[in-house]
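Engineer: Can you read through this structure? Questions will come right after.
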Amino acid sequence: MSPSVETTTLTSASFEELVREMLVRLGEDPAREGLVRTPSRVHRAFEFLTKGYKEDPDALLKKALFTVTYDEMVIVKDVEMFSLCPNGKVIGLSKIPRLIEIFSRRLQIQERLTTQIAETIQKAIEPQGVGVVIEARHLCMMMRGVEKQHSSAVTSSMLGCFRDEQETRTEFLSLIRNRSNGV
């Protein structure tokens, strides 16, 4: 009997083997100097860029709830995510950028990202309303395709009083437009 030869298939291939195959299909030699460790680097990069799949946004927020008697807006800027109008509880402000990081480190589109952030905050603290506005530049538009360097996309998700009360919505939008933070 001859020893069995195990054939690598697309589904059984390691991440590094798949990257080596991509390099070959691009016309490169994955064994050449400078590319030998590329499959491992690409694997580590994808682990980092998609680490949001391994993190629990609900658990993150539950660790940072504080009881307060405050019923005005809370606006977090410079992460392109804004606003909470709490109803008895608030989230530690540092958790908002971390929540954004969790959802953005997934294979993601901006529209879904905006909604997921708003809905997770709404579920965690049940505020009077949540408003999330994301203004983002997309590398896919900057580096390839249309190659437009200064374009951005803006999405929003309004829940509760931000959706239902025009005065609250207007105040919120006015406050986030005021970029007095040095930007």
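Engineer: With θ set to phi - 60° and the Karplus curve 6.51 cos²θ - 1.76 cosθ + 1.60, what are the ³J(HN,Hα) couplings of the stretch 156-168 in order, to the nearest whole Hz, using x for Gly and Pro?
Structural biologist: Once rounded to whole Hz, the list reads 9, 9, 10, 10, x, 5, 6, 8, 8, 10, 4, 5, 5.
Engineer: Using a 1.4 Å probe, what is the accessible area per residue for the stretch 90-148, in Å²?
Structural biologist: Working: 3150 Å² over 59 residues.
In whole numbers, the stretch 90-148 has 53 Å² accessible per residue.
Engineer: Using modelled backbone amide H atoms (1.01 Å from N, in-plane), which distant-in-sequence or interchain residues come within less than 5 Å of residue 128's amide H?
Structural biologist: Residues meeting the amide H criterion: 85, 87.
Engineer: Another one. Express in nm, to one decimal, how much length is gained between residue 136 and residue 50 on full extension, taking 0.36 nm for each residue of separation and deducting their alpha carbon distance. Mind showing how you got there, number by number?
Structural biologist: Working: separation 86, 0.36 × 86 = 30.96 nm, distance 1.79 nm.
Stretched fully, the residue 136-residue 50 segment lengthens by 29.2 nm.
Engineer: Take the Cβ-Cβ distance between residue 31 and residue 112 as r, set R0 to 35 Å, and report the resulting FRET efficiency rounded to the nearest 0.05.
Structural biologist: Numbers: r = 39 Å, r/R0 = 1.13.
Computed FRET efficiency for residue 31 and residue 112: 0.35.
The values are calculated or read from the model by the stated rules, or taken from the named source; none is laboratory data. None of these values were measured; they are calculated from a predicted model. Glycine gets a Cβ as well: all are built from the backbone with ideal geometry, and neighbour counts include every protein chain shown. Only protein heavy atoms, including side chains, enter the accessible area calculation; ligands, DNA and RNA are left aside. Shrake-Rupley method; radii C 1.70, N 1.55, O 1.52, S 1.80 Å.
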